[in-house]
Amino acid sequence: MNITDGMNFQQEHADAWIGLRDRGVFPSQGLSRGAFFRSRATAIIPAQSQQIERTELAKRLRHFELFEGVPRTVLQMVAANAQLRTFHQGEFLWQRGDPARTIVLIGSGFVKASRRNRNGASKTYGLFGPGDSMGLYAFWAGMRYPTDAIALNEGVILITIDAGEISDLAEQYPQLSRNLNGEVTRFSEAFINKIEIISAGSIEQRIAVLLLQLVYRYGVDAQGGQARLPVFLTLVQISEIIDARFETVARALGHWKRAGWLIIDAQGWHFNCLDKLRELAHV
């Protein structure tokens, strides 16, 4: 998929979300609460004026679990200093070793946490999408960012927040403090998921575990054993995550396509037989 297709897809996804919201309908059937919750955060679009932008940002912050249940006054304070930014495909949010001073909330698109080994090979340690936060754990632990954070597609939309400000506010507002602890836990879960992928067994099993994790977190249009994943991963990116050669990944996905389990087009990855993936993953 080229850049134009990616931008068109994101706009179509936002338009679809707005239409569903107006009708009081959300594409949550068969998905976890986390996947449903994150789907609500995908329509963050830069506003036209500074005043409207701050008002809109305060509303959008509530769509993220970090600010769920937090008083409106707190949201307004955070929005006053937050920034809405758009990143291009391959652009660094930060690099390994940078001071951990910023928390980012992902409104649209996907970001990978990766680092290169001594031989220059890139390894992906986490994949984050709409509704997720990044950067909090490194700040909380008093360390520098342990990985690079790189935009995976064109037009990744983020809300950037000063980590120190959030920490200070958490001392005053217990709900925000509890939410911060929850975000740290979710960050740990991302690394546990990585372990589950690597230890799944064969290459096909690793791919199945990875894709099922993504479907549960970000899948839409679920119906029966079908779902669509609005993620555009290259073979190289998948091989980095599951620690396999991209040629092997290509053969596995080719088999799934021929069997009719998987279709990849401009709308994302369409899974027609999720039960087959569950059998492979033993879940």
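Listing for the model above:
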| item | result |
| --- | --- |
| Residue in the stretch 125-142 that is touching a Ser or Thr at 6+ places or on another chain (Cβ under 8 Å), closer than 19 Å to Q237 by Cα and surrounded by fewer than 17 Cβ atoms within 10 Å (Cβ to Cβ) present | yes |
| Members of the stretch 219-247 found to be surrounded by fewer than 18 Cβ atoms within 10 Å (Cβ to Cβ) and in a helix (DSSP H, G or I), listed by number | L235, V236, F246, E247 |
| Residue match in the stretch 150-162 (condition: open to solvent by 40 Å² or more (accessible area, probe 1.4 Å), not in a loop (DSSP other than H, G, I, E, B) and not small (G, A, S)) | yes |
| Failed condition for T160, given (1) touching a residue at least 60 places away in the same chain (Cβ under 8 Å); (2) touching a helix residue (DSSP H, G or I) at 6+ places or on another chain (Cβ under 9 Å) | (2) |
| Only listed residue being open to solvent by 70 Å² or more (accessible area, probe 1.4 Å) and either within 20 Å of W140 (Cα to Cα) or part of a strand (DSSP E or B) (or both), chosen from R118, R96 | R96 |
| Any hit, the stretch 152-170, residues being within 16 Å of the chain's Cα centre (by Cα), more than 30 Å from R72 (Cβ to Cβ) and of a type in the set (V, I, T) | no |
| The stretch 65-93: number of residues that are out of contact with any strand residue (DSSP E or B) (no Cβ under 9 Å at 6 or more places or on another chain) and assigned to a loop (DSSP other than H, G, I, E, B) | 4 |
| Considering residues of the stretch 260-278 that are of a type outside the set (G, A, S) and part of a strand (DSSP E or B) only, the residue most open to solvent (accessible area, probe 1.4 Å) | I263 |
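The values are calculated or read from the model by the stated rules, or taken from the named source; none is laboratory data. This one's a predicted model, so the numbers in the text were calculated from it and none came from an experiment. Quick reminder, even Gly has a Cβ in these numbers, built from the backbone with ideal geometry, and neighbours come from all protein chains shown. With ligands, DNA and RNA removed, areas are computed over all heavy atoms of the protein, side chains included. Shrake-Rupley method; radii C 1.70, N 1.55, O 1.52, S 1.80 Å.
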